[in-house]
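This report concerns only the one structure given below.
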Amino acid sequence: MPPKEEEPATPTRKEKRIVRDENRGQWSSKTEFILTCIGYAIGIGNVWRFPYLCYRSGGGAFLVPYLLMVIFCGVPLFYMEVLIGQFSSTGCTGMFRLAPLLSGTGAAQVIVNMYCVCYYSVIISFPVRMISYCFSSTVPWVDCDHSWNTDACVQVDELAKVVNGSSEKLSTSADEFFHREILRLSDSIANLGSLVWEQFASLFITWIIIYICLFGGIKSMGKVVYFTAPFPYVLLFILFIRGITLDGAWSGIKFFIYPEWDRLLDLKVWADAAIQMFFGLGPGWGGIVNMASFNSFRNNAKFDSIFCPAINVFTSIFAGFVVFSVLGHLSERSGIPVATVATSGPGLAFVTYPEAIALLPIPQLWAVLFFFMLFLLGIDSVFVQLEAIISSILDEIHFLRNHKKKVTLMVCTTFFAISTIMCTNGGMFILQLFDWYSSAIAVIVICLVEIVMVSYIYGIKNFLFDVEFMIGKRPSWFWRISWQYLTPLILIFILFTSTIFIRRITYNSIAYPEWAICIGWASCVSSVMWIPLYIIYIMIRKRETMCDSLKKRLKPLDWTPADPEIQSEYNAYRRKNRMPEFMSETSGGEETIK
C-alpha cells in the first residue's frame with residue numbers, strides 16, 4: 001500500500017487570528033505617499049479655522065504656542081504613526097497587536113472616522129452646490145432681489161448698516177443666500193423638515209467622485225492625489241496675488257499677523273494652538289498609520305514626518321494671507337472694521353469670503369476658483385479616512401479581501417445614505433453637533449492610548465530597536481524624550497483644556513436643546529467606550545488568572561514585518577541582539593538591547 005499522506009497541521013489559535021493580507025498593495029512611488037499625507041493633513045480647516053484663530057489669539061504671537069505644539073507633539077505623533085504603519089504593514093486596527101489588550105482603540109478609531117466621513121462629505125458637497133450658482137450673469141448672493149430674501153436683507157456694499165445707523169436686525173444678502181437658499185435652514189434641530197433635493201444631488205455627485213477615485217484602492221488614489229493635492233496651491237496662489245493687489249488688503253493682513261505678546265499669558269490661547277495643531281496634522285484617526293502601511297519597508301520615514309507637517313504649517317499661514325487680504329478689501333468697501341467681518345467655520349467659507357468676492361471684478365471666476373479649492377482640500381481627507389475604514393474591514397474580515405471594490409461600493413453607499421439626513425432643513429444643526437462632539441475629545445484619548453502603548457507597554461527601547469532595524473538608524477534623543485515625556489504631557493494638557501474650555505454649542509445664534517447636547521456627548525462616548533469594554537471583555541473570558549490574562553495580552557502578538565523575507569531577517573536580528581521572546585520593557589534589561 002502507498003504510504004499514507006500526512007494530515008496538514010491544524011492551525012494554532014494564533015494562526016487563525018493573524019492572517020496577513022499578501023495582496024494589500026504598496027505605493028507606486030514615495031511621491032504618492034507624501035502627496036496623500038499632504039492632502040490628508042491639509043483640509044478646509046486650514047482656510048476657515050486657522051486664520052481666524054491666529055487673528056483672535058494674538059496674531060503673530062499665536063505662532064509661538066502653535067509651532068511649539070507642532071514640534072513637541074504633532075510631529076512626534078505623526079512620526080510614530082508612520083513608523084508603526086510602515087513596520088507592520090497594517091492599518092489602524094492591526095497596529096494594536098503591539099498590546100492586544102488595547103485592541104478596542106482600533107474600533108474607536110474606525111467609529112470616529114465613520115462619524116467624520118458622514119458629516120465631512122456633506123461639507124465638501126457645499127462647494128459643489130455653490131459652484132452651480134456661479135454661471136449666471138451676477139452671483140446670486142450679491143443682491144437682495146431673489147425669492148429667498150427678506151425685508152431685513154442688505155446688499156454686500158451696504159454692510160455698514162449692519163453695525164451702524166440701524167436699530168433693526170439686518171442680514172446680508174450672502175448670509176440669506178447661504179441659510180435661506182443653500183441650507184433652507186429650519187428654526188432648530190428639533191425641526192428637520194424635508195429633504196433639500198438640490199443639496200441631495202450635490203451630495204450624490206460628491207460620493208460618485210469619491211467612489212471613482214477610491215474603487216481601485218491605493219492604486220487609483222495614488223494617481224488622483226497627483227492632482228487633488230498640489231492643485232489647491234495653484235488656486236491659493238492665484239487668490240493670494242489677486243488679494244494683495246486689492247484696496248485695503250494690507251490692513252486686513254495687519255489684523256492677521258500683528259503680534260499681541262500679552263496674549264501668550266492666556267491659557268485659552270495655548271489651548272487653541274494645541275487643538276489646531278492636533279486637528280491640522282491628523283494623528284489619532286488611523287489615516288496616517290494606514291497610509292504608511294503601504295510604504296516600502298526601508299522608506300526614510302523621518303523626512304516624510306517632518307516635511308508633511310512643515311507644509312501644513314506653511315499652508316495654514318499662507319491661507320491666512322489669502323483670507324485676510326480679501327477681508328481687508330471687504331472692510332475697505334463696506335466701512336466696517338476687519339474685526340467685525342472676520343469669522344470662523346462655515347460662515348467664513350460660505351458667507352463672509354463670498355461677500356468679499358462679490359465686490360471683485362468678474363466675481364464668478366474668483367468664486368469658482370475658491371469653491372473648487374475648498375472641494376479639493378476636503379476630498380483628500382475623505383479619501384484617507386475612507387481608505388482607513390476599508391483597510392480595517394479587510395484586515396479583520398479575511399474573506400472580503402478578494403472583494404475590495406464591492407466593499408468600497410458598499411461602504412460608500414452606506415455612508416451616503418446616512419449623510420442624507422444632513423441634507424434636510426435641519427441638517428446643518430446635525431452636522432455641527434457631530435463636528436463639535438463626536439471626534440474632538442475621542443481622538444485625543446486615542447492618541448494618549450497610542451503613546452502610552454508604545455512608550456510604556458511595548459517599551460520605548462523595543463520600539464527604537466524596531467526602528468533601527470527598519471531604517472538602519474536609531475532615532476535621536478529628541479524623539480525618545482518626546483515620545484516618553486513631552487508628547488504625553490501635552491496630550492494630557494490638550495485633553496484637560498479641550499474639556500474645560502468647551503463652549504455651549506450654537507449655530508446661527510440658535511442654541512441647542514439639552515437632549516441634542518446629550519446626543520452629541522453620546523457620539524463621543526460611543527467610540528471611546530470600546531477601549532474599556534474590550535478590556536472588561538478580556539477579563540470576563542479569561543482562561544488564566546485575571547493577572548496572567550491581562551499580562552499576556554499586554555505583550556505583542558505577531559508584531560513583525562509582513563514580508564516573509566524581511567520577517568526572517570528581523571527574527572535573526574532580534575536573536576543576534578539577544579532580545580527576549582516577548583519584547584516588553586519589563587522583561588528585557590538595558591543590556592539586552594545595544
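Residue pairs whose Cβ atoms lie under 8 Å apart, separated by 6 or more positions or on different chains, with the first residue in segment 420-436 and over 14 Å from Ile517 (Cβ atoms) and the second among the polar types (S, T, N, Q) and buried (at least 21 other Cβ atoms within 10 Å of the Cβ), are Cys423/Gln199; Gly427/Gln199. Evaluation of Ala201 against the conditions (1) under 29 Å from the mean Cα position of the chain (by Cα); (2) assigned to a helix (DSSP H, G or I); (3) in contact (Cβ under 8 Å) with a residue 60 or more places away in the chain shows that the sole unmet condition is (3).
Would you check if Gly106 is at pLDDT 90 or above, in contact with a Cys (Cβ under 7 Å, 6 or more places away or on another chain) and buried (at least 24 other Cβ atoms within 10 Å of the Cβ)? Here the answer is yes, as Gly106 does meet what is asked. Filtering Glu15, Glu22 for residues that are of a type in the set (Asp, Glu), assigned to a helix (DSSP H, G or I) and at pLDDT below 85 leaves a single hit, Glu15. Scanning segment 315-360 for residues that are part of a helix (DSSP H, G or I), touching a Phe, Trp or Tyr at 6+ places or on another chain (Cβ under 9 Å) and under 21 Å from Ser509 (Cα atoms) yields Val338, Ala339, Pro346, Gly347, Leu348, Ala349, Phe350, Val351, Tyr353, Pro354, Glu355. Quick one: which of Met69, Met130, Met95, Met80 is touching a residue at least 40 places away in the same chain (Cβ under 8 Å), assigned to a helix (DSSP H, G or I) and more than 30 Å from Arg298 (Cα to Cα)? Every option except Met130 fails the conditions. Return the residues of segment 431-440 that are modelled with pLDDT of 90 or more and aliphatic (A, V, I, L, M); say none if nothing qualifies. Passing the criteria: Leu431, Leu433.
Residue check: Ser344 meets all listed conditions (1) open to solvent by 30 Å² or more (accessible area, probe 1.4 Å); (2) touching a residue at least 40 places away in the same chain (Cβ under 8 Å); (3) more than 29 Å from Asp247 (Cα to Cα) but one, namely (3).
Those residues that are of a type in the set (Val, Ile, Thr) and touching a Gly at 6+ places or on another chain (Cβ under 6 Å), I need them from segment 270-307; list them, please. Full working, then the answer.
Within segment 270-307, the first condition is being of a type in the set (Val, Ile, Thr), and the residues that meet it are 275, 288-289, 306.
Scanning segment 270-307 gives a single hit, Val289.
Residues that are surrounded by fewer than 18 Cβ atoms within 10 Å (Cβ to Cβ) and assigned to a helix (DSSP H, G or I): does segment 470-478 have at least one? Yes, segment 470-478 has at least one match.
Restricting the search to helices (runs of 4 or more DSSP H) fully inside segment 493-576 and requiring at least 1 residues that are farther than 30 Å from Ile460 by Cβ, open to solvent by 70 Å² or more (accessible area, probe 1.4 Å) and not acidic (Asp, Glu) gives 514-528, 530-540.
Residue-by-condition table, conditions (1) of a type outside the set (A, V, I, L, M, F, W, C); (2) modelled with pLDDT under 90; (3) over 17 Å from Tyr52 (Cα atoms):
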residue: Gly217; (1), (2), (3): yes, yes, yes
residue: Tyr226; (1), (2), (3): yes, no, yes
residue: Pro232; (1), (2), (3): yes, no, yes
residue: Phe237; (1), (2), (3): no, no, yes
residue: Ile244; (1), (2), (3): no, no, yes
residue: Gly252; (1), (2), (3): yes, yes, no
residue: Leu265; (1), (2), (3): no, yes, yes
residue: Ala271; (1), (2), (3): no, yes, no
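So that you can scan it fast, the table gives a plain yes or no per residue for (1) in contact with a helix residue (DSSP H, G or I) (Cβ under 9 Å, 6 or more places away or on another chain); (2) free of Cβ contacts under 8 Å to residues at least 12 places away in the same chain; (3) under 28 Å from Gln86 (Cα atoms); (4) hydrophobic (A, V, I, L, M, F, W, C):
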| residue | (1), (2), (3), (4) |
| --- | --- |
| Val525 | yes, yes, no, yes |
| Pro532 | yes, no, yes, no |
| Ile540 | no, yes, no, yes |
| Met546 | yes, yes, no, yes |
| Ser549 | yes, yes, no, no |
| Lys555 | yes, no, yes, no |
| Asp558 | yes, no, yes, no |
| Pro561 | yes, no, yes, no |
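The values are calculated or read from the model by the stated rules, or taken from the named source; none is laboratory data. Everything numeric here is computed off the predicted structure, so don't read it as measured data. So basically every Cβ, Gly included, is an ideal-geometry build from the backbone, and we count neighbours across all protein chains shown. To get the accessible areas, we keep the full protein, side chains included, count just its heavy atoms, and leave off ligands, DNA and RNA. Shrake-Rupley method; radii C 1.70, N 1.55, O 1.52, S 1.80 Å.
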